[in-house]
Amino acid sequence: MRSRTFTPTRSQVWTRARFIAQSFPPRVLIVDDYIDSADALAAFLAATGFETRVAYNGCDALQIANEWHPDSIVLDIAMPGVSGLAVARALRESPSTASVPLLAYTAYETGDNYALLRNGGFDAVCPKPVDPLTVVDILATLLGTGALHRAQSFHSS
């Protein structure tokens, strides 16, 4: 089974991302052991209006997620040490990160592993390489209610 395919036009993606970012800058944590990939995606997302942080391994990802409280996490699966799947499971077990939308961002074939990723806590899967605007669109979909929830929590405290 393949993940949901997002195929909007570039202008639709840009408009939706800008709307979300202008209403309340969503925080996105990018986790990837390939430094160039992580930094490039973070820079692109920042240019579209997201607030971003980067972690290059699973241990740092868990620490940043618990301290910074991102609205969504883009998480590579195959990383040395703590895998993305192990990070996702740990995030789902923690009350402070249990509801954070998780996007599996992986170069591995996901067709056979989709159920494993879904059961591991991921909300969406995006195979690499991909047009970064597709990542923006997926995040916009995942954050549709997540950013609003964070904004309401922020204003009520």
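Quick notes on this one:
- Averaging the sequence gap over all C-alpha pairs within less than 8 Å and six or more residues apart, then dividing by the number of residues, gives the range 59-148 a relative contact order of 29 percent.
- Size of charge dipole - the range 39-114 - debye, nearest 20, with Cβ of Lys, Arg +1 and Asp, Glu -1, no other charges: 120 debye
Just so you know, all these numbers are worked out from the coordinates, no wet-lab data involved. Keep in mind that this is a model prediction, so the values were computed, not measured. Neighbour counts run over all protein chains shown; Cβ positions are idealised from the backbone, glycine included.
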